[in-house]
Amino acid sequence: MANAREIRSKIRSTQNMRKVTRALEMVSASKIRKAQDLMRASRPYARLMRQVVGHIAKANTEYRHPFLARRETVKRVGYLMISSDRGLCGGLNANLQRKLLAEIRAWRAQGVEVDVVAVGQKALQFFRRLKDIQLVGSVTHLGERPRVEDLIGVIKVLLDAYTADRLDRVFLAYNDFINTMSQKPMVGTLLPLPAGQGLQVGHDWDYLYEPDARSVLDPVFERYVEALVYQGVLENLACEHAARMVAMKSASDNANKLIETFTLIYNKARQAAITQEISEIVSGAAAV
Amino acid sequence: MTTIRCDIVSAEAEIFHGEATLVIASGAMGELGIMPRHAPLITRLKPGQVEVVRPDGERLSFYVSGGILEVQPQVVTVLADTALRAADIDEAAALKAKQEAQDALSNRKDAIELAEAQAQLVQAVAQLQALERLRKQLKH
């Protein structure tokens, strides 16, 4: 019966694993709702911010902000990558990494330097393994309720570098939440900000600034970039939970299937042992 | 009575959304009262109250810890900050982010050193074992 005992211990360990994956699945299922609520709550800000920036782009402003200026020669680019802190969420981080790696390789092939900023543990681990890039900032463990304040530092590192002409482009990489079943890795341009569309309509107008254009517009654009990054962090959080839920569900299903086959094998082995015992007894009796 | 649309939002939540006849806010250069058809204006806000007077005369007041106020003839937008912001605080946050990255990178050095130390340890153990075996052979 050694074989049967082995199988039984296998069944038990698979059952334990299933307990863990089920628990993770349920935790993610409840967290995803909260993450989606956060995502929804931050949308009005992002929408109004876009509106205000749109107005500014249309206005005949006396001061051109450096974030709007597009530089033709690119010597050094910056990437801000948003990832989860923990694993066990399917191919979520791996997909984003693959996409980002392709872009970084392309820049390197053109002889462009690459600076990176990591948000989340997985991004940090990924960048540590890469050689010919420079990690200039990182923040991890944002938790279930990321706050804008936590992101100010990493964003400022990139914005300062951009303003000081050290970086010529800044990109944002994160997972876009489409729905619970699908998440899409996205790499989008953060800076320079896309210019206002074409010719302006109506007469020339400009804002009244208090106190002056520069000290008002600087924080506006800063907040705008922060809003974009914050939105990305929230999207990524929702993606993380969605991906984990799906991954853990399929893990639980696989465990179920394994347990079923193991049980079948176990029963067969048990029956075979009984049959053998009986036939031994019968043949023993016949010999007497 | 003419009204002006008023939106007050912070990055983490929508605070107020509706029609108003008067919006009072404390701008960087002093108190501002905004009525419908105000000229386009944009300013920073000081931490303080934003008061909204509704068409029915109701006064609502909200606290904001700074932010940006944008006025268009038909709409007032308050983009509130979620925390106190100041140049030195932002600077400190940026420094912290850089520091964290450097710490993460220096840990890598530690990891390399650890790997080297482990490799040396394995070699030393192998040498010791070889010596042990040699000693046993000599005894026989």
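Values quoted throughout were computed directly from the atomic coordinates according to the rules given, and no laboratory measurement underlies them. Since this is a predicted model, take the numbers as computed values, not measurements. Quick reminder, even Gly has a Cβ in these numbers, built from the backbone with ideal geometry, and neighbours come from all protein chains shown.
Is there a residue in the stretch A:74-88 that is crowded, with 18+ Cβ neighbours inside 10 Å, out of contact with any Leu (no Cβ under 6 Å at 6 or more places or on another chain) and among the basic types (Lys, Arg)? No: the stretch A:74-88 contains no residue that is crowded, with 18+ Cβ neighbours inside 10 Å, out of contact with any Leu (no Cβ under 6 Å at 6 or more places or on another chain) and among the basic types (Lys, Arg).
Taken over the stretch B:62-86, the criterion of being more than 8 Å from chain A (Cβ to nearest Cβ) and farther than 24 Å from A:ARG147 by Cα is satisfied by B:VAL71, B:PRO73, B:GLN74, B:VAL75, B:VAL76.
Out of A:ASP115, A:ASP160, I need the residue that is farther than 30 Å from A:SER250 by Cβ and part of a helix (DSSP H, G or I). Which one? Can you show your working first?
Details: A:ASP115 fails: part of a helix (DSSP H, G or I).
A:ASP160 is the lone residue from the list that is farther than 30 Å from A:SER250 by Cβ and part of a helix (DSSP H, G or I).
Could you tell me whether the stretch A:26-34 includes any residue that is of a type in the set (Ser, Thr, Tyr), away from chain B (no Cβ under 13 Å) and within 29 Å of B:GLU14 (Cα to Cα)? There is at least one residue in the stretch A:26-34 that is of a type in the set (Ser, Thr, Tyr), away from chain B (no Cβ under 13 Å) and within 29 Å of B:GLU14 (Cα to Cα).
Search the stretch A:141-182 for residues being among the basic types (Lys, Arg) and farther than 16 Å from B:GLN99 by Cβ, and hand back the single one that is surrounded by the most Cβ atoms within 10 Å (Cβ to Cβ).
Initial filter on the stretch A:141-182 (among the basic types (Lys, Arg)): A:145, A:147, A:156, A:166, A:169.
Keeping just the survivors that are farther than 16 Å from B:GLN99 by Cβ gives A:145, A:147, A:166, A:169.
On the way: A:ARG145: 12, A:ARG147: 15, A:ARG166: 15, A:ARG169: 19.
Residue satisfying both the conditions and the ranking: A:ARG169.
Looking at B:ALA97, B:ALA25, which one is surrounded by 14 or more Cβ atoms within 10 Å (Cβ to Cβ) and in contact with a helix residue (DSSP H, G or I) (Cβ under 9 Å, 6 or more places away or on another chain)? Walk me through how you get there before you give the answer.
Details: B:ALA25 fails: in contact with a helix residue (DSSP H, G or I) (Cβ under 9 Å, 6 or more places away or on another chain).
Residue meeting the stated conditions: B:ALA97.
Total residues in the stretch A:222-260 satisfying the condition of being touching a helix residue (DSSP H, G or I) at 6+ places or on another chain (Cβ under 8 Å) and farther than 22 Å from A:ARG40 by Cα: the figure is 8. Checking each residue in the stretch A:107-159 for being of a type in the set (Gly, Ala, Ser) and free of Cβ contacts under 8 Å to residues at least 24 places away in the same chain picks out A:ALA109, A:GLY111, A:GLY137, A:SER138, A:GLY143, A:GLY153. Residues in the stretch A:124-156 that are in contact with a Leu (Cβ under 9 Å, 6 or more places away or on another chain), part of a loop (DSSP other than H, G, I, E, B) and more than 9 Å from chain B (Cβ to nearest Cβ): A:LEU130, A:LEU142, A:GLU144, A:PRO146. Among the residues of the stretch B:43-100, those identified as at positive phi and out of contact with any Lys or Arg (no Cβ under 8 Å at 6 or more places or on another chain) are B:GLY48, B:GLY57.
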